[in-house]
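Each reported figure results from applying straightforward, stated rules to the coordinates on display, with no laboratory input. Remember, predicted model here, so these are calculated numbers, not experimental data. Cβ placement follows ideal geometry from the backbone for every residue including glycine, while neighbour counts extend to all protein chains displayed.
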Amino acid sequence: MKTEVCSRLSAEQIEHFNREGYLIYDQPIFPEAEFQALKEHFEQKLAALPADVRPEGMDVPHFVDPKLFHWLLSDHVLDLVEPILGPDIALWSSHFICKPKGDGKIVPWHEDSAYWGNRLTPMKVVTVWLAIDPATTENGCMRVIPRTHHNGYSEYADVPDPKKYVFGTEIKPHQMDKSKAVDIVLKPNHASLHESKLMHSSTANTSNIRRCGYTMRYISTQSKHHNPEGHHQIYLARGRDHAGNTFGDPTKVYEDLRRYREKHVKHGH
């Protein structure tokens, strides 16, 4: 029986994540050749997008692109989340969120948990936000409000101009203190980790540099995935299940799920 914890995090980093709700991991996530292969794979996907599809909304690409599991199920990533989630891990979701230079959209202040509602109990998701491009204050890096991960279900209101935002609602202003926000500045192949109930956002990209990240999201298999509509799929990444979950096949293409989500599910986090 496995007893050793596979960890790329120090005790201080784990404590910081648990206390603040996020962590900046300022070291390479993948060996350089593997990272470059992922970036090239993304560039091919981006080039294939129809002209009328925004690049911010490349949600759950792994449903129809099994090649992505090479990175999503890699020990290089799983060893980052195991010290937080434990040894039994499932892939919850992934998303390329690419803000083009000049007109990259705003991601409004939100908690991921508010969009996922009662689909997961308990609600604890760790997101690894991998920088494909440099993420800076100028090109719209993610911003977080530390220590706001103890609620996760704030009240939301419509954004003032939906055309400028990735999605249409935002946490009501009186429920957050934006003066405490921290910019998550990252080099390519570095990452941040954040908890699903943490308040976060990102500004528009009006710079002349693209900003792309790949969000890789994981849960403990102690959590139960509730999927009554059948439009989502999770995958066993490491260890074994404890909650009676049903897992997808990482070698299979789920085209029906992709079509459903394009029509019915909000994109972008």
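For Met123, what charge total do you get from the other residues with a beta carbon under 13 Å from its beta carbon, if Lys and Arg give +1 and Asp and Glu give -1?
Overall, the nearby charge balance is +2.
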For the range 202-218, 3J(HN,Hα) per residue [Karplus equation, 6.51 cos²θ - 1.76 cosθ + 1.60, θ = phi - 60°, Hz, x = Gly/Pro]: 7, 7, 5, 9, 9, 7, 9, 10, 4, 10, 10, x, 10, 8, 10, 10, 9
Among His174, His242, His41, residue whose mean-square fluctuation peaks in a GNM of the chain (springs only between Cα atoms under 10 Å): His174
Amide H within-cut-off set for Tyr156, under 5 Å, with H built and near neighbours excluded: Lys172
Using θ = phi - 60° and Karplus 6.51 cos²θ - 1.76 cosθ + 1.60, couplings along the range 50-56 (whole Hz; Gly, Pro as x): x, 4, 8, 9, 6, x, 5
20 Å cut-off, amide nitrogen to a point 7 angstrom out along Arg147 Cα→Cβ, residues in the range 168-185: 174-184
Entries of Lys39/Lys263; Lys39/Lys99; Lys39/Lys67 with Cα pairs more than 21 Å apart: Lys39/Lys263
Sites matching GluC sites (Glu not before Pro) across the range 143-207 that sit in DSSP coil, with at most 15 neighbouring C-beta atoms within 10 Å: Glu155
Cut-off under 5 Å, modelled amide H: who pairs with Lys99 long-range: Arg211, Cys212, Gly213
Choice from Pro55, Pro228, Pro160 with maximal GNM fluctuation in the chain (Cα, 10 Å cutoff): Pro228
In sequence order, calculated HN-Hα J values of the range 149-164 (Karplus, 6.51, -1.76, 1.60; Hz; x Gly/Pro): 9, 9, 10, x, 9, 6, 8, 10, 9, 5, 6, x, 9, x, 5, 8
Antiparallel bridge percentage (DSSP; both residues within the chain; nearest 5): 95 percent
About the Cα centre, charge dipole magnitude for the range 11-264 (Lys/Arg +1, Asp/Glu -1 at Cβ), debye: 460 debye
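Where does the charge balance sit around Ile145 when Lys and Arg score +1, Asp and Glu -1, over other residues with C-beta under 15 Å from its C-beta?
So the environment of Ile145 carries a net charge of 0.
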Amide H contacts of Ala237 (H built 1.01 Å from N, under 5 Å, at least 5 apart or other chain): Ile89, Ala90, Leu91
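What does the charge add up to near Lys163, with Lys and Arg as +1, Asp and Glu as -1, over the other residues with Cβ less than 11 Å from its Cβ?
Overall, the nearby charge balance is +1.
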